[in-house]
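First comes the structure, then the notes that go with it.
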Amino acid sequence: MTFGQVLLVAVVAVPALGALAAALLPGDRAGRVVGTVAAGLTLLATLPLVGGEHGWFGYGPRPAVQPWHQIDLRWVPGLDLRFHLGVDGISWPLVVLTALLTLLCCAYTLWRVPPGGGSGRALVALLLVVEVGILGTFLALDLVLFFLFFEVVLLPMYAVIAGWGGADRRRAARKFALYTLFGSVLLLVGVYVVVSAAGTADLVTLTGGAGLSRGTQLAAFTLLALAFAVKSPLWPLHSWLPDAHTQAPTVGSVILAGVLLKMGTYGLIRVAVGVAPEGARWAAPVLGVLAVAAILIGGLVCLAQDDLKRLIAYSSVGHMGFVLLGVATLTATGLQAALIGNIAHGVITGLLFFLAGAVKDRAHTGSLAELSGLRETAPRLAGLLGFAAVASLGLPGLAGFWGEAFAVVAAVRRGGPLWLTLAVLAALGGALTAAYFLRLLRRVTHGRPSPAVAGLAPGLAGAELTAWVPLVLLALAVGLAPALVLSYASGPVEALLGVVP
Amino acid sequence: MSLVQPVDNLAMLPAYLAAGTAVLVLLVDLLVARPAATVAVAALGATGTAVGAALVGADGTRRTFCVGDDCSWVWGGRAALVGAVIALLTLGVLALSGPLLRAGRTPVGEYCFLLACAMTGGVVLGAAGDLITLIVALETLTLPLYVLVGLRRGSLAGAEAAVTFFVVSVVATTVTLLGAALLYAVTGTLHLDRLGATLAARDDLTGLPLTTVAVALVVAGLAFKVAAVPFHAWAPATYDGAPLPVAAYLSTASKLGGVVALLAVVQRALPGDLTGPVLAALAVLTMTVGNLVALRQRRTVRLLAWSSVAQAGYILAPLGALALTAGRTGDARAAAYAAAVAYALFFVLLELAAFAAVVALRPADGDGGTLADLRGAARRHPWVGGAFALALIGLAGLPPGLAGLFAKVTVVRALLAGHAGWLALVVALNAVIGLAYYLRVTASLYATPAGAAVVRPARTVALALGVATVAAVVIGFAPQLVLDVAAR
């Protein structure tokens with residue numbers, strides 16, 4: 001095995017072993033520490049993955065997916081399942097983001113275990129299992145393996161919400177589990193529609209259509225896109241999201257919004273568009289219209305929200321709408337916008353949920369009506385909240401800007417009355433985003449301190465700063481130098497679009 | 001022509017072992033009269049039967065009781081698999097019966113004897129080459145169960161359950177027999193392969209209304225045994241009234257027997273264009289109704305019973321692909337049969353684990369109780385509760401219950417290979433409904449305990465649960481093992 005293959009296996013195996021160790025070790029504190037160490041090692045293992053053969057030079061026909069590293073082992077030939085992992089410029093930024101957010105969440109849990117009855121080490125173990133599933137999804141180069149990892153996430157996340165969540169957690173957790181299972185069973189059917197028609201589950205071979213008939217591609221794309229639309233989530237299949245995000249504990253919301261949703265958009269780009277390009281071309285207008293509907297409806301609902309976490313949750317619907325709009329254009333600009341939008345949303349919304357959790361833990365309420373004047377009593381927290389909100393509304397120079405601006409640009413460049421209208425509406429949606437985030441800031445940070453806020457201590461705990469600072473820096477870095485993400489993605493995106501008719 | 005047929009006794013060895021176990025148990029109970037010895041002999045006999053079944057099947061197919069090319073006893077890969085699995089399930093159920101037998105309300109000798117008799121039926125079933133052997137074997141498998149269901153002294157629920165089961169089952173057998181008789185009237189043969197060849201060769205026979213009626217009767221009769229909707233009504237009442245280990249046997253070994261019988265006639269004897277639509281309809285109805293009704297159950301065993309009705313639907317689903325012409329090509333048919341067998345294997349293992357966990361968590365000689373009785377069980381018994389949760393999640397078909405996930409994947413794959421995408425979608429959507437109640441039970445296992453008494457699981461029960469769970473985990477990571485034996 002080469003070094004890269006060892007790393008690929010380690011990225012999936014280390015959190016899995018860490019989860020086992022955290023669950024089985026005696027002692028709550030020891031379990032949490034071991035889990036956090038495992039998360040740290042995983043992050044360390046993801047970083048050197050970038051140093052492989054990038055292979056975008058040379059001549060002749062090239063496959064549409066060229067992994068930097070890959071490992072391909074036999075597993076279940078009877079089900080066309082191979083243990084085939086690989087990493088390239090589309091998946092690597094997401095892999096690192098996942099490892100980073102999980103590490104931050106584990107470290108945060110070292111400091112504070114959310115109330116709800118469960119032990120801290122069980123929470124850390126579950127977070128690590130979720131990480132295994134998400135990383136596996138991003139790394140899988142076998143369709144069936146992709147489905148398998150996609151499913152792994154479901155129950156641990158259910159347990160995180162149901163075990164450590166807010167007052168209405170059981171209902172929210174059940175809704176999350178049933179909704180997302182609905183998505184993943186469609187994925188199962190879609191995967192085998194492709195596999196039984198093509199005779200292989202290898203994504204490298206399949207990308208570009210692999211000679212699938214138009215009918216098969218349309219059916220496959222419909223099923224796959226529906227599956228990913230539930231996960232992303234795309235309006236009108238989003239209704240699990242606000243409940244799950246609101247009821248989940250802080251670390252659960254961060255993982256959910258930060259990376260779990262990206263499984264949907266990543267799957268849409270890598271699997272749905274890659275495997276059924278003709279289907280993608282056929283469905284693009286529908287996808288675009290739904291994406292813009294998500295942007296507008298998400299924005300309008302946010303304007304009327306009265307709960308901090310719920311508002312941020314609904315804002316995800318709008319942000320993911322921009323990502324999906326980028327994908328729907330099926331242009332290089334659009335896909336690049338989607339990828340950077342994914343990363344930016346992961347970083348910023350992760351930060352926002354951390355901050356919302358901190359506000360809620362301190363003031364014991366998340367209702368906007370009972371919060372005001374945060375900057376009087378807790379200026380640092382208010383400042384960070386302001387930074388995150390401004391980043392999220394897409395201020396140029398911060399991470400949120402690139403994804404949204406270029407999704408609109410891509411739609412304009414696509415041309416035609418439909419896409420121009422969509423671009424205009426999406427831009428309007430961007431203005432709505434600014435409106436509701438400014439409303440949020442006015443309600444929460446400005447004004448006279450409310451009774452709930454009046455007694456707050458101004459300081460921030462060291463653990464909180466440790467968890468937030470990397471995200472703040474990343475939001476700045478991606479905003480100032482989008483090439484951090486885009487330079488890796490441009491080659492794979494060109495190659496992918498090369499096979500879309 | 002000699003009137004004395006040569007009999008290949010080696011091919012018959014597994015059946016001899018199983019029947020010998022039954023006789024030996026009876027004798028030991030009579031002569032030694034110590035419950036422990038009786039149970040030990042039964043366990044040894046079941047182990048021996050499993051080993052014998054696997055070994056005889058190892059070196060190719062053996063046939064005996066032949067008339068020309070048609071044989072009534074065919075011991076091949078499928079027979080070896082069925083025989084070994086039924087024997088192992090019997091062993092597992094014996095292990096689960098420890099607390100029940102020690103509680104003293106159930107006569108040990110009779111209990112073990114009847115269980116061994118049922119095992120004999122199951123072992124013969126896999127090797128049956130003609131309709132009569134098949135029906136007799138199936139009846140030998142179920143007949144002892146009527147008594148076992150009602151064997152507890154002073155249990156009114158048990159007696160009621162036994163009567164329900166008896167009446168329904170006898171009617172079912174009669175219906176199957178009538179179907180077999182009509183088939184004989186049409187074709188003049190009872191051997192499965194000859195039936196299949198005759199019906200395939202002569203279109204004029206398949207077109208006869210009488211043939212359709214005969215096929216429908218045979219399939220309907222066997223559908224009773226697997227508790228497929230609309231022939232399922234006996235199952236929940238019977239499972240709930242029976243002692244827990246017997247309910248476990250009913251929903252694993254007995255259900256497997258029904259599936260094997262149905263597969264045998266569908267695969268070898270009956271024309272796919274007649275059975276396919278019926279089976280597709282049965283599968284859709286069975287999984288949907290089973291899952292929907294299970295949502296409303298409040299009693300543990302009833303919930304498991306309804307869920308096992310639904311699971312029977314998943315087992316039948318791959319056969320539904322025969323309804324379409326594209327599903328009747330050689331490859332698609334082979335894939336469909338293999339998928340049904342594989343699903344049945346995954347299912348009986350997980351179901352056994354689930355029942356073992358219920359037995360472990362309930363007081364000796366108790367019934368399944370309500371779901372509320374299981375509240376917080378996993379917090380009091382982390383290992384037993386964890387194994388129960390794993391079995392339930394496996395039945396729902398999700399990771400970490402990888403065995404169950406691969407079972408569902410196998411079915412969906414076979415259906416899409418047979419171009420029955422609509423049926424694959426129905427299976428997939430049913431998995432979502434199924435998760436709702438499996439999740440409810442699992443979540444209540446981890447809820448805050450209500451403060452009921454702590455029961456210490458019996459050692460044999462814990463052992464059975466442990467073995468079943470480890471086996472489920474192993475085949476979860478190496479499902480190819482199951483897929484290979486299922487395809488034989």
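Brief remarks on what is shown
- Using C-alpha pairs under 8 Å with a sequence gap of at least 6, the mean separation divided by the residue count of chain B gives a relative contact order of 13 percent.
- Partners for residue B:225 among lysines (Cα-Cα distance below 19 Å; same-chain residues under 8 apart left out): B:255
- Pairs of alpha carbons in segment B:218-358 whose separation is greater than 25 Å (percent): 22 percent
- Computed E for residue B:156/residue B:10 - FRET, C-beta separation, R0 51 angstrom, nearest 0.05: 0.60
- Residues A:406, A:322, B:477, ranked from the fewest to the most other C-beta atoms within 10 Å, line up as B:477, A:406, A:322.
- Were the residues from residue A:473 through residue A:50 laid out at 0.36 nm apart, the gain over their Cα-Cα distance would be 150.2 nm.
- The simple Förster model, with R0 at 25 Å and r as the Cβ-Cβ distance, assigns residue A:434 and residue A:239 a FRET efficiency of 0.50.
- Cα-based Rg / Dmax (Å) for segment B:1-110: 16.8, 58
- Residue by residue along B:8-18, Cβ atoms of other protein chains within 10 Å of the local Cβ number 0 on average.
- In chain A, the longest principal axis of the Cα atoms and the axis of helix A:308-329 are about 20 degrees apart.
- Alpha-carbon centroids, segment B:314-380 and segment B:219-277: separation in whole Å: 12 Å
- Helix-derived mean residue ellipticity, 222 nm - over the protein assembly as shown, DSSP H n ≥ 4, -39500 (n - 2.57), to 500: -24000 deg cm²/dmol
- With R₀ set to 41 Å, the beta-carbon distance separating residue B:285 from residue A:200 gives a calculated FRET efficiency near 0.70.
- Extension gain (nm, one decimal) between residue B:334 and residue B:51, 0.36 nm per residue minus Cα-Cα: 99.2 nm
- Each of A:354, B:166 was scored by other Cβ atoms within 10 Å of its Cβ. Arranged with the fewest first, they read B:166, A:354.
- Note that chain B shows a convex hull volume over its alpha carbon atoms of 130 Å³ per residue.
- Working from label points 7 Å from Cα in the Cα-to-Cβ sense, the residue B:66 to residue B:103 distance is 5.1 nm.
- Taking segment B:24-160 and dividing mean pair separation by its residue count, relative contact order in percent (alpha carbons under 8 Å, at least six apart): 24 percent
- Euclidean distance between Cα centres, segment A:392-431 to segment A:1-46, Å: 40 Å
- Global geometry of segment A:3-499, whether rounded, prolate or oblate, following the gyration tensor of its Cα atoms and the 1.5 cut on a/c: oblate
- Counting Cβ atoms of other protein chains within 10 Å of each Cβ in A:182-189 and taking the mean gives 6.
- Around the amide H of residue A:81, modelled in the peptide plane, lie the amide H atoms of A:76, all under 5 Å away and 5 or more residues distant in sequence or on another chain.
- Global form of segment A:340-494, assessed from the alpha-carbon gyration tensor, a/c cut-off 1.5: oblate
- On Cα atoms only, tilt of B:459-477 relative to the major axis of chain B in degrees: 50 degrees
- Working from Cα pairs under 8 Å separated by at least six residues, relative contact order for segment B:271-488 is 28 percent.
- Annotation: lysines with alpha-carbon distance below 16 angstrom to residue A:309 (same-chain offsets under eight excluded): A:360.
- Global geometry of the protein assembly as shown, whether rounded, prolate or oblate, following the gyration tensor of its Cα atoms and the 1.5 cut on a/c: prolate
- Per-residue mean of foreign Cβ neighbours for B:298-305 is 0 (Cβ atoms of other chains, 10 Å radius).
- Once backbone amide H atoms are built at 1.01 Å from N, residue B:73 has B:64, B:129 as its partners under 5 Å, excluding neighbours fewer than 5 places away on the same chain.
- Proximity of backbone amide H atoms, modeled 1.01 Å from N, is registered between residue B:370 and B:300 at under 5 Å, excluding neighbours fewer than 5 places apart on the same chain.
- Counting only alpha carbon atoms, the long axis of helix B:77-96 and the longest principal axis of chain B meet at about 20°.
- Ranked by the mean number of other Cβ atoms within 10 Å per residue, highest first, peptides A:16-28, B:332-344 order as B:332-344, A:16-28.
- Within straight-line cross-link reach of residue B:408, aspartates and glutamates at Cα separation under 20 Å, skipping those fewer than 8 residues along the same chain: A:80, A:142, A:151, B:331, B:351, B:484
- Temperature 4 °C, viscosity 1.567 mPa s: under these conditions the Stokes-Einstein estimate for segment A:1-133, based on its Kirkwood radius over C-alpha pairs, is 80 µm² per second.
Bear in mind that the values in this text are calculations on the coordinates, not laboratory data. In this text, all values refer to a predicted model and were calculated from it rather than measured experimentally. A quick note on method: Cβ atoms are made from the backbone with ideal geometry, for glycine too, and the neighbour counts reach across all protein chains shown.
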